[in-house]
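Encoded as structure tokens, the structure appears first; notes follow it.
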Amino acid sequence: MECALVGNLSNTCFLNSISRRVVRQRKTRMLYSSANFNAPPLFAHSNPPKEAIFDRSFSMFCGSATKQRTLAVFGSEEFVWPSPADEIPFWKNTFPSRDASIQVPTDIEKDSNPIHIIHVTAEMAPIAKVGGLGDVVTGLARACLSHGHAVDVMLPFYECIEKQQINDLALITEYNTFYDGNWVPTNAYRGVVSGIPVIFIEPSNEFFKGQNVYGGSYNELEAYLFLSRACLEWMQVAGVQPDIIHVHEWQTGALPLLYWDMYQNLSLKKPRVVLTIHNMEHYGECGKDQLSKCGLDGSIYASVDKAMDDRTIGHNPERLSLLKGGIVYSNAVVTVSPTYLKETLCSGWLASTLLSNRDKYFGILNGIDTVIWDPATDVFLPANFHAQKPEGKKICKYYVQRGLGLVSEGTLAGDPVPHITDNVPLIVCITRLVAQKGLHLITQAIKRTEELGGQMIVLGKAPDARVQGEFEDLANSHNQGSSIRILLMYSEELSHMLYAAADMVLVPSIYEPCGLAQMIGMRYGAVPVVRKTGGLADTVFDMDDSSNREMANGFVFEGIDEGSLNCALDRAFRHYREKTDEWNSIVQKVMEIDNSWNNTAGKYIETYNSIRVRW
Ligand code: ADP
């Protein structure tokens, strides 16, 4: 896998095997080519995807780019840099499929008391991922599998799921689920995703249709009420009784109510229920009549000690909160970091409910799946690297800079990865563009990075049209220059490449229950610049805090004002430029930090064990 690298990189790197293979296939053609030519992209396209049209924000800076391509030589390998003029953007190339299933670690000691856990969730990475919820379900499930437990995930069969990402897909049960006075024909499919058995629930009505996980033209609240009942109904029909049903967020908050007040009186007796709250921003506001549609009597839950949304008391009509109902009716409630746990006990209208359920409320820090997020093997990267062999990271940075037109192509003949990029820190921000993420601070970071002579790439998608419009305007005014790229889309592939390319990762959230971006960024050698809140406060410690040198791994600010952000960015850029050796050791240090599920999955397993009943 390794190759000697000539030019400015004196050590060795791994060129991604697919890029080498493709380049090798093209060598004959290259013999007839000059150094600058209209070469095909780095990765092969057997069938150019239909969606290979440029995203709007990307095309904004492609217009004037030349179509010239430059080859670099690493050892005996030729390497084609991407260009903004490529017909197909580099992140939309065809990549080798990642079969993470074979990489579920097998060397982990198996627990002597296996538990059967079924997750019921609205998201699962990579097939139905919008944010961290999807990553967490997949990562935690794989971690528990590797400890010898039995794990299934139950997920809506969203129309947008790409079926080729599912192994061994088969219809296993045709059954009916009660909804709104009718029994709705429903299919359950079984398949395997990243090594995890998944049961897909497909109703015959309009629920879960559309091009995205969320935001289809059906009533979302009612669709998830349907899902909660459909999953329990399937367990009953199929005779499956797990030890633990693990529900997530408001979407599945009605399941504990349905379980204890309906299915326990039918045939399901064994399961106990865990709820994980990933973000307390959404409460699952629900009318009593809506809850009644899944077969419960909604009015029974309209009291302060059950599911009443306290904020609506005295309103007409009063409302329920599925999240609150889930807290009250679950056997254990987990949130995703110790600091967020403290924050939620002190503020917000759910604090009193959480306080009265304090004895079953735990803060367990999320982990990242270090097989899926591994720069040493990541198939999306042009070159692989790790803490002991970091050189490939420079190739990733230059690859992204070239592909997005952040370095001019003309000046680089014969210089594979020029030193000029070394002095230009590249900071990335990969996020849902919502208020929680500190939109004004992201905007300020763009301005400050430009002033400081650095480069910044924002990869984000805004569910709100007004926010999307504002960022489109920003993209229009910045994407033509040579320092800022604002890419308004969702791309898993590009996110991997950006983490690998980045010198720093910015997470300026107003609040952040856990945050995965800072952990993934660190694993890929990007030093975090974060606001001190929630899980960011549990995972990033300031470089200039002399009282905590041992933990120091990034740059932290506390205020939500622009000055506080500027101060952290200024310090990070100064460190990068003026203390190169120290910087290189921080990069190595952050790559070696273990933020994997190995550290925290055990706490979930302890929680499962503490509530399960033994039959
Ligand atoms: P949240 O769950 O609030 O969205 P997290 O930091 O916990 O935030 O997790 C976000 C996850 O979603 C990370 O894996 C991040 O890389 C990914 N992500 C966010 N926005 C995008 C995007 N536009 N394209 C690709 N991945 C994204």
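Assorted remarks:
- Considering residues of region 451-478 that are crowded, with 16+ Cβ neighbours inside 10 Å and more than 16 Å from the ligand (Cβ to nearest atom) only, the residue nearest to A517 (Cα to Cα): Q455
- Search result, residues across region 487-500 that are within 11 Å of the ligand (Cβ to nearest atom) and not charged (D, E, K, R): L487, L488, M489, Y490, S491, L494, S495, H496, M497, L498, Y499
- Selection count, region 193-222, where residues are outside any loop (DSSP other than H, G, I, E, B) and either surrounded by 23 or more Cβ atoms within 10 Å (Cβ to Cβ) or in contact with a Lys or Arg (Cβ under 7 Å, 6 or more places away or on another chain) (or both): 8
- Odd one out for E162 among (1) at pLDDT 95 or above; (2) touching a strand residue (DSSP E or B) at 6+ places or on another chain (Cβ under 7 Å); (3) within 16 Å of the ligand (Cβ to nearest atom): (2)
- In the condition set (1) away from the ligand (no atom under 16 Å from the Cβ); (2) within 23 Å of the chain's Cα centre (by Cα), N423 is compliant with all but (2).
- Within region 316-336, residues that are in the same structural domain as V247 (by TED's automatic domain parsing) reach partners that are of a type in the set (S, T, N, Q) with beta carbons closer than 6 Å, at six or more positions or on different chains, in the pairs E318/T312; R319/T312; K324/T353; I327/T353; I327/N357; A332/T607; V334/T276; V336/N366.
- Which listed residue, of A568, A572, A601, is touching a His at 6+ places or on another chain (Cβ under 8 Å) and buried (at least 21 other Cβ atoms within 10 Å of the Cβ): A601
- Selected residue [closer than 23 Å to P375 by Cβ, surrounded by fewer than 18 Cβ atoms within 10 Å (Cβ to Cβ) and not hydroxyl-bearing (S, T, Y)] from E492, E562, E550: E492
- For L227, the criteria (1) out of contact with any Ser or Thr (no Cβ under 6 Å at 6 or more places or on another chain); (2) surrounded by fewer than 24 Cβ atoms within 10 Å (Cβ to Cβ) hold in every case but one, which is (2).
- Pick from region 505-518, criterion among the aliphatic types (A, V, I, L, M) and closer than 19 Å to H440 by Cα, ranking: nearest to the ligand (Cβ to nearest atom): A517
- Pairs where the first residue, in region 431-455, is touching a residue at least 60 places away in the same chain (Cβ under 8 Å) and the second is within 12 Å of the ligand (Cβ to nearest atom) and in a helix (DSSP H, G or I), C-beta under 7 Å, 6+ apart: T431/K437; T431/A517
- The residue list G535, G521 contains one member that is part of a helix (DSSP H, G or I), in contact with a Ser or Thr (Cβ under 6 Å, 6 or more places away or on another chain) and within 11 Å of the ligand (Cβ to nearest atom), which is G535.
- Every residue from region 106-151 that is more than 16 Å from the ligand (Cβ to nearest atom), of a type in the set (A, V, I, L, M, F, W, C) and in a loop (DSSP other than H, G, I, E, B): I108, I115
- When I486 is tested against (1) buried (at least 24 other Cβ atoms within 10 Å of the Cβ); (2) touching a His at 6+ places or on another chain (Cβ under 9 Å); (3) assigned to a helix (DSSP H, G or I), only condition (3) is not met.
The values are calculated or read from the model by the stated rules, or taken from the named source; none is laboratory data. Just so we're clear, the structure is a prediction, and the values are computed from it rather than from any experiment. Positions of Cβ are backbone-derived with ideal geometry, glycine not excepted, and every protein chain shown enters the neighbour counts.
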